[in-house]
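Below you'll find the structure, written out as structure tokens, and then a few comments.
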Amino acid sequence: MNELNDLITLIKSRTPIIVVETEDEVRANELIRYASQHLKQNFYKWSVADGLAMGNNIQQTDRGYQEPIELLRYIWGLKYPGVFLLLDFHPFINDPKNIRMIKEIALRTDQSQQIIVFLSVKFELPGELNTFAAHFELELPTREIIEKIICSQVKNWSIQNGGQNPNLTNDEIH
């Protein structure tokens, strides 16, 4: 998986801001979570609806830090490394307070190593943050990856339906 290696390299290079524009939020989320896990980095996921959640096996959030400025202050105050996946932050990015806090976080990346990943369908950074950012593009999934996704979904369906087997043939999977 080249995209995983590319993302790991980007995070290891301490690029403070990574922008991922995609409609495939689930796959991007998993890729970013896996990369942070591979690097033994704390993984955080935020949305305005759910607040901040921490951990590589995030299942439930505590609705803490729902407001963008609270979240950014929290990130800025941390003294240990972390990868912060911020979902749909685009409505908040042009607020001058948010821009300043993001810039402060970016300026301290060599010391604190917090990486902010903005994930949205469309995301445009203000000019003053472009210096600190890299854009990351998801590759289209290969046939092999699509088959793995289908098999994973079939397995999940079977678990949720009392072990029933959907009896898919190889042709149906292909």
Note to self: For a quick check of your reading of the model, give me the residue pairs whose first member lies in the range 146-174 and is free of Cβ contacts under 8 Å to residues at least 40 places away in the same chain, whose second is among the aromatic types (Phe, Trp, Tyr), with beta-carbon atoms closer than 9 Å and at least 6 apart or on different chains.
What the structure shows: GLN164/TRP157; PRO166/TRP157
Next item on the list: For residues that are over 23 Å from ASP110 (Cβ atoms) and free of Cβ contacts under 8 Å to residues at least 24 places away in the same chain, scanning just the range 6-36, find the one that is nearest to the chain's Cα centre (by Cα).
Entry: GLU30
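Only one residue in ILE115, ILE150, ILE93, ILE102 is outside the structural domain of ASP24 (by TED's automatic domain parsing), of a type outside the set (Gly, Ala, Ser), under 23 Å from the mean Cα position of the chain (by Cα) and surrounded by 12 or more Cβ atoms within 10 Å (Cβ to Cβ), so which one is that? Full working, then the answer.
Working: ILE115 fails: outside the structural domain of ASP24 (by TED's automatic domain parsing); ILE93 fails: outside the structural domain of ASP24 (by TED's automatic domain parsing); ILE102 fails: outside the structural domain of ASP24 (by TED's automatic domain parsing).
On inspection, the qualifying residue turns out to be ILE150.
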Item checked: Residue match in the range 83-90 (condition: touching a residue at least 60 places away in the same chain (Cβ under 8 Å) and out of contact with any Cys (no Cβ under 8 Å at 6 or more places or on another chain)) -> yes
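Hey, among LEU107, LEU10, which residue is over 21 Å from VAL121 (Cα atoms), in the same structural domain as PHE123 (by TED's automatic domain parsing) and of a type in the set (A, V, I, L, M)?
One residue alone meets the criteria, LEU107.
The values are calculated or read from the model by the stated rules, or taken from the named source; none is laboratory data. Just so we're clear, the structure is a prediction, and the values are computed from it rather than from any experiment. Glycine also receives a Cβ, built like all others from the backbone with ideal geometry; neighbour counts cover every protein chain displayed.
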